[in-house]
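Report on one structure; see the data block that follows.
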């Protein structure tokens, strides 16, 4: 199987739309995750052009900026997304009433915070939706860990993980947005990373 994936990565790794087309033939329950960060319209547009009904799974941590929530609503309407939102088991208001504001990156409580607002909702989504193909907008430019990843891989549970845009640059993404008249926004904040180029943990485990 590894040799097959190596061949696919070599053949289609730099052709996102061809890679999406191939991946959609590999399973029956595909999903595409999103966090509505800058340039997310690219992956969402690409995937839904080929499968308009694909579930778009959003782990809404409750700490997004107002601009991100407005951007999410705009894209859902614009692309008619089949959006499925997973929330932490506690609301932000509940968590902060009990534990105070979001812990900083050096705070020993930050790991538990990341698990609560991002990892647990994602693991719940995987259990409930049981996907066999997972599209993600990971890019090699994002973090050192992602630079070592391949466009297509299979995790220990057999889930096919597909990152069609892995080798694209910000310029490539911007050009795609322009060509298709898609919206974008940059007022984005991820409370589980805080620092740019820091890995949140979700893609290290899955």
So residue 133 passes all but one of these: (1) modelled with pLDDT of 95 or more; (2) out of contact with any helix residue (DSSP H, G or I) (no Cβ under 8 Å at 6 or more places or on another chain). Which condition number does it fail?
(2)
In segment 176-206, which residues are modelled with pLDDT of 90 or more and over 13 Å from residue 46 (Cβ atoms)?
178, 181, 183, 184, 185, 186, 187, 188, 189, 190, 191
Part of a loop (DSSP other than H, G, I, E, B) and under 20 Å from residue 178 (Cα atoms): does that describe residue 49?
no
Matching residues, segment 70-87, being surrounded by 14 or more Cβ atoms within 10 Å (Cβ to Cβ) and either in a loop (DSSP other than H, G, I, E, B) or at pLDDT below 95 (or both)
81, 87
Taking the condition of being out of contact with any strand residue (DSSP E or B) (no Cβ under 9 Å at 6 or more places or on another chain), in contact (Cβ under 8 Å) with a residue 60 or more places away in the chain and surrounded by fewer than 17 Cβ atoms within 10 Å (Cβ to Cβ), how many residues in segment 13-36 meet it?
2
Determine the pairs where a residue that is farther than 11 Å from residue 191 by Cβ, located within segment 109-121, has a partner that is modelled with pLDDT under 95 and part of a helix (DSSP H, G or I) with Cβ atoms under 7 Å apart, the partner being 6 or more residues away or on another chain.
119/202
Restrict the check to segment 88-98 and report whether at least one residue is farther than 20 Å from residue 160 by Cα, in contact with a helix residue (DSSP H, G or I) (Cβ under 6 Å, 6 or more places away or on another chain) and assigned to a helix (DSSP H, G or I).
no
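Just to verify a result, which residue in segment 89-101, among those that are within 22 Å of the chain's Cα centre (by Cα) and surrounded by 14 or more Cβ atoms within 10 Å (Cβ to Cβ), is farthest from residue 189 (Cα to Cα)? Walk me through it before giving the result.
Initial filter on segment 89-101 (within 22 Å of the chain's Cα centre (by Cα)): 89-92.
Subset that is surrounded by 14 or more Cβ atoms within 10 Å (Cβ to Cβ): 90, 92.
Numbers: 90: 20, 92: 15 Å.
Here the answer is 90.
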Report the residue count in segment 14-46 for those that are closer than 18 Å to residue 86 by Cβ, touching a helix residue (DSSP H, G or I) at 6+ places or on another chain (Cβ under 8 Å) and not in a helix (DSSP H, G or I).
8
Residue match in segment 166-175 (condition: surrounded by 15 or more Cβ atoms within 10 Å (Cβ to Cβ), modelled with pLDDT of 95 or more, outside any strand (DSSP E or B) and touching a strand residue (DSSP E or B) at 6+ places or on another chain (Cβ under 6 Å))
no
Based on this model, can you work out whether residue 156 counts as assigned to a loop (DSSP other than H, G, I, E, B), over 17 Å from residue 71 (Cα atoms) and free of Cβ contacts under 8 Å to residues at least 24 places away in the same chain?
yes
All but one of (1) in contact with a helix residue (DSSP H, G or I) (Cβ under 8 Å, 6 or more places away or on another chain); (2) in a loop (DSSP other than H, G, I, E, B); (3) farther than 30 Å from residue 6 by Cβ; (4) touching a residue at least 12 places away in the same chain (Cβ under 8 Å) hold for residue 103; which doesn't?
(4)
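The values are calculated or read from the model by the stated rules, or taken from the named source; none is laboratory data. Because the structure is a prediction, the values reported are computed rather than measured. Glycine gets a Cβ as well: all are built from the backbone with ideal geometry, and neighbour counts include every protein chain shown.
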